[in-house]
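Remarks on the structure that follows.
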Amino acid sequence: MVTLNVDQVMCRQTIPVGELVTFLAPVNYTGTSFMEIGIKVIAEEIRTPNVRHVDSCCFTMVAVDDNRKPVAVKLWQPESDDERRRHAAAVLRREMRQKTEKRVGDLKAGERAVPAPPDEAMLHEDLRLFLALGDGRNMHRVAARAQAGIQAVTNLSSMARSSGDLPHLLVIV
């Protein structure tokens, strides 16, 4: 296996020297020749019962043969509710990566061309994917801010199209 991608590294807390560190690494998703592994890092103070979830990330690994050519991996099917949740999130992450790769490719293809402002449907799809990946905490506030951002970008895009002026936008969520 070789690492193809590392994404969603969420460093929640530091790990002081002397703590016991455990890595939990279940399979989240399998494709034809790749798999996504979710890694959860747990730190434990040895002298107390304090156990904390300190880091998380996802690795996409590709199975290769001795000639470094991709080979098939065994299909994994989620069975528990937690496995189904992780699998669904992995599918959404894969969709987001593919969309991002396409957008970057489109930008590279037209190196000097001014990209078209995002349309409302694309922004709503991005919001749907973002919310689906959330952990549920404060998501109503995030959704409200994101909806307001979509409305602002839509309004600016409409103004830009009508005036012929394409403003430079920085959207912070």
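Values in this text are rule-based calculations from the coordinates and carry no lab data. If you're wondering where the values come from, they're calculated on a predicted model, not measured in any experiment. Quick reminder, even Gly has a Cβ in these numbers, built from the backbone with ideal geometry, and neighbours come from all protein chains shown.
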(request) Starting with the fewest neighbours, write out Phe34, Phe23 ranked by other beta-carbon atoms found within 10 Å of each beta-carbon. (result) Phe23, Phe34
(message) Can you compute 3J(HN,Hα) from phi for each residue in segment 28-43, using the Karplus curve 6.51 cos²θ - 1.76 cosθ + 1.60 with θ = phi - 60°, rounded to whole Hz and x for Gly and Pro?
(response) 9, 6, 10, x, 5, 10, 9, 8, 9, 10, x, 10, 10, 9, 10, 10
(request) Specify whether the C-alpha gyration tensor of segment 53-114 places it in the rounded, prolate or oblate class, a ≥ b ≥ c being the square roots of the eigenvalues: rounded for a/c under 1.5, otherwise prolate if a/b is larger than b/c and oblate if not. (result) oblate
